[in-house]
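One structure is given here, and the rest of the page talks about it.
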Amino acid sequence: MKKRLVLFIPLILFLVMGVFLYKGLFLNPQQLDSALEGKPIPAFQLQKLEDANEIITNDSIKGQVSLLNVWATWCPSCKYEHPYLMRLARQNILPIYGINYRDERAMAIRELSREGDPYTKNIFDHDGRLGLDLGVYGAPESYLVDHNGIIRFRYAGPIDMRVWNETLYPMIQELQAQAKAEGAS
């Protein structure tokens with residue numbers, strides 16, 4: 001009897017793991033919950049990517065609806081979304097703050113110089129502390145922040161025209177209308 005039970009335990013464990021893995025196939029990684037939605041941007045004081053003497057803080061982002069974009073030179077999906085971010089920057093709809101995540105400063109500056117810089121300011125998060133505080137799973141990730149510095153939405157994955165038109169832009173318009181009604185820019 002014990003031998004039979006010992007033979008069935010691995011089979012039962014295999015079946016249970018199979019059910020969990022099968023369920024995971026139907027989850028959408030872009031819809032990962034963010035514990036920070038509805039909460040202020042975590043407090044930080046980090047160097048500007050291009051100038052180590054300039055410090056950017058969470059207060060630098062307050063005052064208008066903005067987009068925080070987590071990116072890195074080692075991230076292939078970031079390279080995919082970069083041309084679209086350049087297009088958005090030219091349209092000047094809202095400030096886009098880059099968070100250069102766990103990267104090398106010289107490589108990041110070189111890439112922005114070569115490919116163009118869509119960011120209003122670029123925060124250098126070499127150790128990934130801000131990313132950790134934001135709950136970043138990986139790059140690219142973007143956070144929609146209202147004029148009071150409150151995170152309103154988190155999007156995991158590259159931003160493209162579909163994501164912009166169907167998800168982000170309608171939210172931005174709504175947040176900008178709320179900011180205008182409250183007298184902010």
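Considering amide H positions built from the backbone, and no H for Pro or chain starts, which residues 5 or more places from Val65, or on another chain, come under 5 Å of its amide H?
Correct list: His147.
To the nearest 10 Å², what's Tyr97's accessible area with a 1.4 Å probe?
Ignoring ligands and nucleic acids, Tyr97 comes out at about 20 Å².
With all protein chains present, how much of the accessible area of segment 35-182 (probe radius 1.4 Å) comes from carbon and sulfur, to the nearest whole percent?
48 percent
May I ask you to give the average projected area over all directions of the convex hull of the Cα atoms of segment 67-118, in nm² rounded to one decimal?
3.3 nm²
So, in nm, how far is label Arg90 from label Tyr169 when the simple model puts each one 7 Å beyond its Cα toward the Cβ?
Each label point is offset 7 Å from its Cα along the Cβ direction, giving 1.5 nm.
Ala106 to Arg129: extension gain in nm, 0.36 nm per residue of separation minus the Cα-Cα distance?
Value of the extension gain: 6.4 nm.
If you take the Cα atoms of segment 35-182, find Rg, then find the Kirkwood Rh from the mean of 1/r over all pairs, what is Rg/Rh?
Result for segment 35-182 is an Rg/Rh of 0.93.
Rolling a 1.4 Å sphere over the protein heavy atoms, what is the accessible area per residue of segment 92-185, to the nearest Å²?
It amounts to 47 Å² per residue over segment 92-185.
Over the Cα atoms of segment 108-185, Rg to Rh with Kirkwood Rh, two decimal places?
1.00
Report the one residue of Phe44, Tyr119, Ile172 whose Cα lies farthest in the direction of the positive end of the charge dipole of segment 35-182 (charges on C-beta: Lys and Arg +1, Asp and Glu -1; origin at the Cα centre).
Ile172
The values are calculated or read from the model by the stated rules, or taken from the named source; none is laboratory data. Note that the structure is a prediction, hence the values are computed from the model and not measured. Cβ: placed from backbone, ideal geometry, glycine included. Neighbour counts: every protein chain shown. Surface accessibility is based on the protein's heavy atoms, side chains included, excluding ligands, DNA and RNA. Shrake-Rupley method; radii C 1.70, N 1.55, O 1.52, S 1.80 Å.
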